[in-house]
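Some notes on the structure that comes next.
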């Protein structure tokens, strides 16, 4: 799959394992760490397709663009450290012939404290991530 995954993390030891487990089929996952002091980096280091990048951002500095710089593929999937990619989405991505002149959208399933969020505009199509929340 010619999509790089970029994840910006800081102290995500509770969720990063499930996130990275869902991304095993991607050839590259860039974990862009903003100063974790827990076991986040040790957990991420257990995955063969993960490249760890340590970053010390200035106050308020956005990290998305610097993180994307490290991706080797033209297509980038940017997700949060508490999100997982569903098997259905993986299958769809593997079958899709990504085109430079196309905008892709998909539905997300969001959770708050293990409860699915169905209102407040969540669960609608999104252009920012190919993910479903960790239940």
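Bear in mind that the values in this text are calculations on the coordinates, not laboratory data. Keep in mind it's a predicted model, so treat the numbers as computed, not measured. Glycine also receives a Cβ, built like all others from the backbone with ideal geometry; neighbour counts cover every protein chain displayed.
Note on residue 103/residue 69: beta-carbon distance plugged into 1/(1 + (r/R0)^6) with R0 of 22 Å gives a FRET efficiency of 0.50. Estimated from the Cβ-Cβ distance and a Förster radius of 25 angstrom, the FRET efficiency linking residue 2 and residue 91 is about 0.95.
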